[in-house]
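These notes concern the structure reproduced below.
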Amino acid sequence: MYGVIINVDIKDKKNWIQRDDTEIGIANELIAAGVSKEYIVLGFHAPYKREFTDFAIG
């Protein structure tokens with residue numbers, strides 16, 4: 001069985017997480033590596049939901 005576990009795009013100097021099926025969460029790993037939340041977009045959420053997260057809207 002094959003499939004995509006993580007899909008991250010870099011657009012406009014931001015990390016757009018399109019898919020994350022990991023246990024720890026790639027956003028948490030990026031934060032631990034020193035990436036600011038303002039440069040992480042949870043692309044798997046609808047745009048109107050992103051404003052309610054601590055991460056970038058887009």
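Laboratory data are not the source of any read-out in this text; all were calculated from the coordinates shown. These numbers come from a predicted model, not from an experiment. All Cβ positions, glycine included, derive from the backbone under ideal geometry; neighbour counts span all protein chains shown.
Helices in the chain, meaning DSSP H runs of at least 4 residues, each add -39500 (n - 2.57). Divided by all residues, the mean residue ellipticity at 222 nm is -4000 deg cm²/dmol.
If Lys and Arg each add +1 and Asp and Glu each add -1, what is the summed charge of the other residues whose beta carbon sits under 12 Å from the beta carbon of Lys37? Its environment carries a net charge of 0.
In a reduced charge model with +1 at each Lys and Arg Cβ and -1 at each Asp and Glu Cβ, the chain shows a dipole moment near 200 debye about its Cα centre. Evaluated at q = 0.16, 0.18, 0.28 Å⁻¹, the base-10 log of the normalised Debye intensity for the chain, with identical point scatterers placed on the Cα atoms, takes the values -0.46, -0.58, -1.26. For the chain, the relative contact order comes to 27 percent (Cα pairs under 8 Å, sequence separation of at least 6).
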